[in-house]
Amino acid sequence: MPHDHPHDHPVSRDHSEPRPAFAALLDQVLKVLDDKDILTTAQVTAQIEDMDGRTPTEGAKIIARCWDDPDYLDLARTDLQAAAGQVGIAMPAYPKFVLLDNTGDVHHVVVCTLCSCYPRPILGPPPVWYKSRNYRARVVVEPRDVLAEFGTTVPQDKKLQVVDSTADCRYLVLPERPAGSDGMTQEQLAGLVTRDSMIGVTRLNVPVT
Amino acid sequence: MSRTHDLGGLPAGKIDQTEHEPTFFDKRVDALYALLTGPKANAFTMDEVRRTVESFSEADYFGLSYYERWLKAMSLLLIEKGYVEDGTFDIPQAKS
Amino acid sequence: MQNPGCQPKFHVGQQVMIKDDAALGHCRTPQYVRGAAGRITSSIGHFRNPEDLAYGGSGLPASPLYWVEIKLSDIWTSYSEDATDSLLVEVFEHWLTHSPTHSDKRN
């Protein structure tokens with residue numbers, strides 16, 4: 001391996017409640033910001049409600065419409081911010097949002113090796129594994145092994161492209177439309193789309209009924 | 001500069017795919033981050049938060065939860081940028 | 001962010017090398033791509049410099065940012081998966097240089 005890194009790391013605390021000292025610190029910070037009129041409690045509450053409304057279900061609407069509407073697909077490829085707006089997702093002007101087409105020739109998978117950049121306005125907060133040390137360390141060096149852990153096999157003759165979200169772009173993967181989904185409505189198509197397929201760690205299938 | 005945060009290619013094991021719904025603590029810290037780096041409050045930039053997190057010891061970077069890290073960094077920045085006086089917050093220190 | 005006064009130095013399709021410099025502070029060029037040779041696939045636009053933003057600066061003038069595609073086998077000599085597999089990474093212009101004849105492979 002290219003770099004020495006002998007230390008063992010403790011198990012991630014991301015699956016648990018904060019320790020009391022951090023819960024207390026948060027209360028102190030919120031109170032001071034409110035006292036100084038930097039941020040009000042109402043602003044914090046409104047921001048939480050806004051973020052609660054941003055989920056992979058919203059992103060799935062973009063994907064379903066891309067599969068179903070060629071003009072919309074063109075728009076999403078050139079201006080994903082505008083395309084997200086058209087399905088009712090309020091988007092910030094910054095950063096730049098980019099659609100990555102997964103096709104018969106190339107499969108994209110997204111990571112942020114330096115921190116945890118993620119298309120939050122479209123998908124909501126990232127899953128814990130996306131932020132984890134092991135995902136961030138490994139997916140750029142053994143992506144096919146990492147995808148296999150997610151149950152995904154990319155054929156040997158298909159190019160795999162890992163996209164490291166290092167600066168000012170946030171990426172949404174457009175998964176391949178699954179075989180057998182012909183004739184479905186956009187709502188039915190959106191129901192097939194998973195969060196992980198929009199990060200690129202999985203592919204989609206039509207469930208066998 | 002420490003490269004504690006710069007993880008691409010480092011030896012690492014299996015990925016824990018356990019799902020975790022954000023707690024109320026997580027959501028409030030997430031909201032603080034969005035608001036304090038946002039255009040209205042504009043208290044500091046995302047890159048200032050990143051730079052502060054990147055200055056943490058390995059004990060803090062890997063020992064704190066994701067949102068504990070963010071909260072600690074934002075508390076330090078509020079002091080550094082002069083919004084609050086040093087000593088206002090009880091900021092937990094990493095065990096060495 | 002548009003900044004017509006500062007034209008991008010590199011063009012799409014050009015072979016480039018990511019500088020193998022030590023970062024003196026915060027930067028967004030990961031260690032594992034430094035010293036690697038790749039190809040510009042797109043000029044993304046002008047963005048404020050994170051190395052200045054991180055210390056309270058304005059990040060201006062905005063700097064050209066590019067997508068650079070690098071073969072994973074050019075980053076990791078031990079890469080044994082598909083030879084066409086690649087990495088796409090956003091790199092600021094001041095981290096890029098013209099490509100020398102041979103890439104500096106790591107092992």
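Remind me, relative contact order of region B:32-96 in percent, using alpha carbon pairs under 8 angstrom and six or more residues apart? It comes to 31 percent, rounded to a whole number. Rounded if a/c is under 1.5, else prolate if a/b beats b/c, else oblate: with a ≥ b ≥ c from the C-alpha gyration tensor eigenvalues square-rooted, which is region A:54-199? Verdict is oblate for region A:54-199. Give me the net charge for the shell around A:THR152: Cβ to Cβ below 13 angstrom, other residues only, Lys and Arg +1, Asp and Glu -1. With Lys, Arg at +1 and Asp, Glu at -1, the net is -1.
Backbone phi angles across region B:5-14, fed through the Karplus curve with coefficients 6.51, -1.76 and 1.60 (θ = phi - 60°), yield HN-Hα couplings of 7, 8, 9, x, x, 6, x, 7, x, 4 Hz in residue order; Gly and Pro are listed as x. By the count of other C-beta atoms within 10 Å, a proxy for reagent exposure, C:PHE92, B:PHE89 are ordered fewest to most as B:PHE89, C:PHE92. Rounded to whole numbers, the Karplus 3J(HN,Hα) couplings from phi for region C:27-39 are 8, 10, 9, x, 3, 5, 9, 5, x, 8, 9, x, 10 Hz, using 6.51 cos²θ - 1.76 cosθ + 1.60 with θ = phi - 60°, and x at Gly and Pro.
Close amide H partners of A:ASP101, meaning residues 5 or more places away or on another chain with modelled amide H under 5 Å apart, are A:LEU174. The phi-based Karplus calculation (6.51 cos²θ - 1.76 cosθ + 1.60; θ = phi - 60°) puts the 3J(HN,Hα) values of region C:8-20 at x, 7, 10, 10, 4, x, 6, 7, 9, 10, 8, 4, 9 Hz, whole numbers, x for Gly and Pro. Quick one: grab the alpha carbon gyration tensor of the protein assembly as shown, order the square roots of its eigenvalues as a ≥ b ≥ c, and give me rounded if a/c is under 1.5, else prolate or oblate depending on whether a/b is larger than b/c. The shape class here is rounded. Between the Cα long axis of helix A:41-52 and the first principal axis of chain A there is an angle of about 20°, rounded to the nearest 10.
Checking Cβ-Cβ separations below 4.7 Å across chain A identifies A:CYS66, A:CYS115, A:CYS169 as cysteines lacking any candidate disulfide partner.
With the cut-off at 1.5 for a/c, could you classify region C:15-98 from its C-alpha gyration tensor as rounded, prolate or oblate? It comes out prolate by the Cα gyration axes. Take every pair of alpha-carbon atoms less than 8 Å apart whose residues are at least six positions apart; their mean separation over the length of chain A yields a relative contact order of 23 percent. Listed by chain and number, the lysines whose C-alpha is less than 24 Å from the C-alpha of C:LYS9, apart from same-chain residues fewer than 8 away, are A:LYS96, C:LYS19, C:LYS71.
Among the residues of A:125-133, the average count of other protein chain beta-carbon atoms within 10 Å of the residue beta-carbon is 5. Restricting region B:1-95 to GluC sites (Glu not before Pro) that sit in a DSSP loop and have at most 14 other Cβ atoms within 10 Å of their own Cβ leaves B:GLU19, B:GLU85. Of the trypsin sites (Lys or Arg not before Pro) in region A:6-85, the ones in a loop by DSSP (not H, G, I, E or B) with at most 13 other beta carbons within 10 Å are A:LYS36.
Each value in this text was obtained by applying a stated rule to the coordinates, not by laboratory testing. Since we're looking at a predicted model, the values are computed, not measured. Positions of Cβ are generated from backbone atoms using ideal geometry, with glycine treated the same way; all protein chains shown enter the neighbour counts.
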